[in-house]
Amino acid sequence: MSNTELSDLLDQLIETSREGPRLEYKGSWPWDEQKFKELLTRSILAMANMKDGGHILIGVEQGQDAPNPAGVQARHLATYNEEAIKDFVGNYADPYVDFSVDVVTSRDCRFVLITVREFAEVPVICKKDGRTEQGGLKLGSLYIRTRDRRPSSVAVQNQAQMRELLELAIDKGIRKLQQRGFVYGQRSTTDVELYDRETEDVR
């Protein structure tokens, strides 16, 4: 995205005025604080397991009535590095998570915008325990975003949440098969049949 497109997106996310399954606000925190790194990683894993992914906007406090877009403090902003964040998240994500990290200026403040894309083929699982209890990262957990009044990033808790995640994965699998040329209800062409067709003229 261009800087203008990022600024427009940022303004839209702030004007949304409340968090949702695909949007999370976080206040100004330094990336190098272990608990925050793990909390942010859990949110990224959860967003990756949502249809169409989501956004995490750092520099916005979620108030009772409306968000407070105060921006990220300069000393905190200096700790953010996209490659370092991707390396850290990669230590916990299986498979990898596709996301980007942008520093965006709006309303005379600077924000960190993390854009997370939904998983490519199979849901993302947490592949090891975190170092802090508050971070909530647990080996083998599948994280999702809840759809309640105060959405949060949690491990799958019931069959309805698991069904929604599995259906998203199944839909992806069907689209992948269709892209490979399979048509449901028809027998696919085997390698032997393809060989016979190609060698027909030389027999």
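Heavy-atom accessible surface of residue 171, to the nearest 10 Å², is about 80 Å², with a 1.4 Å probe and all protein chains retained. Computed from the C-alpha gyration tensor, the three semi-axes of the ellipsoid equivalent to the chain are 40, 20, 17 Å, from longest to shortest. Stretching the chain fully between residue 74 and residue 122 yields a gain of 13.5 nm (0.36 nm per residue, less the alpha carbon separation). Looking at the stretch 1-98, the accessible area is 47 square angstrom per residue; that uses a 1.4 Å probe and ignores ligands, DNA and RNA. Relative intensity of the stretch 127-172 on a log10 scale, I(q)/I(0) at q = 0.30 Å⁻¹, equals -1.09, per a Debye sum over C-alpha point scatterers of equal strength in the absence of solvent. Highest mean packing first, where packing is the average number of other Cβ atoms within 10 Å per residue, the peptides 45-57, 70-82 line up as 45-57, 70-82. Each residue of the stretch 146-156 was assigned a 3J(HN,Hα) from its phi angle through the Karplus expression (A = 6.51, B = -1.76, C = 1.60, θ = phi - 60°), giving 6, 10, 7, 4, 10, x, 8, 9, 9, 6, 3 Hz with x at Gly and Pro. Accessible surface comparison of 85, 174, probe 1.4 Å, protein chains only, largest first: the order is 174, 85. You can think of it this way: the chain between residue 12 and residue 83 has 22.9 nm of extra reach, that is 0.36 nm per residue less the Cα-Cα gap.
Less than 5 angstrom separates the built amide H of residue 125 from those of 94, all sequence-distant by 5 or more or on a different chain. Residues whose amide H falls under 5 Å from that of residue 109, counting only those 5 or more places apart or on a different chain, are absent, with hydrogens built in the peptide plane. Give the lysines reachable from residue 172 as a straight Cα distance under 25 Å; neighbours fewer than 8 places away on the same chain don't count. Answer for residue 172, where 25 Å is the Cα cut-off: 51, 86, 127, listed by chain and number.
The values are calculated or read from the model by the stated rules, or taken from the named source; none is laboratory data. Bear in mind that the values here come from a model prediction, so they are computed numbers and not experimental data. Virtual Cβ from ideal backbone geometry, glycine too; neighbours counted across all protein chains shown. The protein model used for the area step is the full one, side chains on, heavy atoms only, and it has no ligands, DNA or RNA in it. Shrake-Rupley method; radii C 1.70, N 1.55, O 1.52, S 1.80 Å.
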